[in-house]
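J.: Structure incoming, see below.
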Amino acid sequence: MKYRVRTSEGELQYDSYEQLQQAAATGMVEDDDEILAENKTEWAKASSLIKRARRPSGWLRPQLLWVYLALMLASVSLYFLLQRALLFGALSVFVLVMVLMKITNDQVRRR
């Protein structure tokens, strides 16, 4: 069954309920967006149609754990650079940049 989603940016179409749920999980479909199922005539709020997985809350959210890792890597990098261990410092800075790129990429996908 196909689903049409009306968002503030425009309309999207999904071929299955699974695709619709994936879009909701990644932030493409918000709770206040409207959904029209293929065999229906009235639009319904996404919050009433999509079963969302409970997101972790507090300081154990996966995204915050990545931020904590980035902070630890920044500290380790600074330590190595101040100790003039340039190889380890450069390597830890490289890993830090990769982690920060992952955090940024995840945020862009959520929007």
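J.: Taking only the stretch 20-53 into account, find how many residues are among the polar types (S, T, N, Q) and surrounded by 15 or more Cβ atoms within 10 Å (Cβ to Cβ). Walk me through it before giving the result.
T.: Applying the first criterion (among the polar types (S, T, N, Q)) to the stretch 20-53 yields 21-22, 26, 39, 41, 47-48.
Filter once more, keeping what is surrounded by 15 or more Cβ atoms within 10 Å (Cβ to Cβ): 21.
Result for the stretch 20-53: 1.
J.: Out of 100, 65, 71, I need the residue that is under 21 Å from the mean Cα position of the chain (by Cα) and surrounded by 13 or more Cβ atoms within 10 Å (Cβ to Cβ). Which one?
T.: Just a single option satisfies the conditions, and that option is 100.
J.: Return the pairs, sorted by first residue and then second, in which the second residue is part of a helix (DSSP H, G or I), the first residue lies in the stretch 83-106 and is of a type in the set (Asp, Glu), the beta carbons are less than 8 Å apart, and the residues are 6+ apart or on different chains.
T.: 106/63; 106/66
FYI, it's all coordinate maths here, none of it is from the lab. Remember, it's a predicted structure, so these values are computed and weren't measured experimentally. Note that each Cβ is placed from the backbone with ideal geometry, even for glycine, and that neighbours are counted across all protein chains shown.
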